[in-house]
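Participant: After the C-alpha cells below, expect a handful of questions from me.
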Amino acid sequence: LLRRGKPAALRLAARYPGAPLLCDGLAQAAAWGVPPLRGPAFDDDLEAAFDEACGAAVPLPGGGRMTIHPTPALVAIDVDAGSAAGARSDALAALNAAAVAEAARQIRLRNLAGAILVDVAGLPAKKRAVLADPFAAALAGDPLAKLIGVTGLGLFEIQRARIHAPLHEVMAGPLPIGLAALRMAAREAAVRGGARLALRASPGVIGALRDLPGALEEYAAGAGFALVLRPDATTSGWMIEEAADGQ
C-alpha cells in the first residue's frame, strides 16, 4: 500500500457535491470541515436500509422475488416469479422487466463486482434475449458494469470492475457488527438522558471495538460516560443493557 485513499464519505461527497455531508462526531466533523449534528447521523430507518442492502432477498412487484448470492467465483442473482408463476405472459413480462431494472440497481447499490450471472423467471432460454436491450439500458448509468451477453443456458452475464470492496464484504465480520451496536447505544443514550449503558456481545465484537482507535472514546464524549463492555461467548449477536453503577 503506497498511499491510503480518502474515506468513503469524502469520496461520495466529491462525487455528489450537491448532497449534504452529515457527521455526528465532533472530531470527525472538525476534520471534514462540516458542522456536527446535534443528534445521531444514523437513525433506525438508515440502519434498516443497511440490513436490507446486506440481505439476500429483494421483493419485486407482482409477488416476485430476487435472491442475491455472492460466491468466491461469481455473484448469482436469481429471479423467482413467486405468486406470479403461471400468470399470463404479459404479467410475467412485466415482472422480468422490473427484475432487470432492480438487478441493475442492486448491483450498483451493493457495489457487486466481478462476474455476475442473472437468471430471470419463467422464460425459455431462447426467448430471454428480448430482455438484453432493457438490461443494457438499465446498466448504462453504471460506468463500471457491462452486459456481456446471454449464455447458452439463458443467463445474463455481466462484468463489473472491482474498485472497492462490495457491501457484503464491508459489512461482514465483528467490527461492522460492533459499530452497529455502538451506534445503537449512542441513540439509546441520547433517548434515555444520562442512563449508563452496557454492550453485551461476543468477545470478537468487543475486541474489535477495543482495537479501533477512538471509537469508544468518541462514544463516551457524546454520551457523557463510558460504555460498559460485557464479553459473552454464549451470544452470537449483541444487546444494549442498563449498567448499574457502570458495572
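Participant: In whole Å, what is the distance between the alpha-carbon centres of region 1-23 and region 169-208?
Facilitator: The two parts, judged by their Cα centres, are 24 Å apart.
Participant: Given a 1.4 Å probe, how much area per residue of the chain is accessible, in Å²?
Facilitator: Working: 14280 Å² over 247 residues.
Normalised by residue count, the accessible surface of the chain is 58 Å².
Participant: What are the membrane-span-like helices in the chain by this rule: whole DSSP H runs, Cα extent along the axis at least 20 Å, mean Kyte-Doolittle hydropathy at least -1.0? Provide the component values of the computation, followed by the final result.
Facilitator: Values: long enough: 89-109 (29 Å, 0.60); 174-192 (26 Å, 0.64).
Once both thresholds are applied, what remains is 89-109, 174-192.
Participant: Mind jotting down the distance between the C-alpha centroids of region 137-155 and region 42-110, whole Å?
Facilitator: A separation of 16 Å, based on Cα centres.
Participant: Compare the Cα positions of 130, 168, 109 along the charge dipole of the chain (+1 at Cβ of Lys, Arg; -1 at Cβ of Asp, Glu; about the Cα centre) and return the one farthest towards the positive end.
Facilitator: So the residue furthest toward the plus end is 130.
Participant: In region 144-247, what percent of the accessible surface is made up of carbon and sulfur (1.4 Å probe, ligands and nucleic acids excluded)?
Facilitator: 57 percent
Participant: Related question: What is the sum of charges around residue 224, taking Lys and Arg as +1, Asp and Glu as -1, for the other residues whose C-beta is under 14 Å from the C-beta of residue 224? Write out the running numbers ahead of the final one.
Facilitator: Working: positive: 192, 196; negative: 188, 217, 218.
Net charge in that neighbourhood comes out at -1.
Participant: So what's the back-of-envelope 222 nm ellipticity for the chain, counting only DSSP H runs of four-plus at -39500 (n - 2.57) apiece and dividing by all residues, rounded to 500? The partial results should precede the final answer.
Facilitator: Numbers: 9 runs with 96 residues, N = 247.
Only helices count here, giving -11500 deg cm²/dmol.
Participant: I've got another one for you. Give me the Å³ per residue figure for the convex hull around the C-alpha atoms of the chain. Numbers along the way, then the final one.
Facilitator: Details: hull volume 42.9 nm³, N = 247.
Residue-normalised Cα hull volume stands at 174 Å³.
Participant: A follow-up question, please. So how much slack lies between residue 89 and residue 211, counting 0.36 nm per residue of separation and subtracting their Cα-Cα distance, in nm?
Facilitator: Additional length available on full extension: 38.3 nm.
The values are calculated or read from the model by the stated rules, or taken from the named source; none is laboratory data. The shown structure was predicted, so the numbers you read here are calculated from the model rather than taken from an experiment. When we count neighbours, we look across all protein chains shown, and the Cβ atoms used for this are built from the backbone with ideal geometry, even at glycine. For the accessible areas, the whole protein counts, side chains as well, though only heavy atoms, and no ligand, DNA or RNA atoms are used. Shrake-Rupley method; radii C 1.70, N 1.55, O 1.52, S 1.80 Å.
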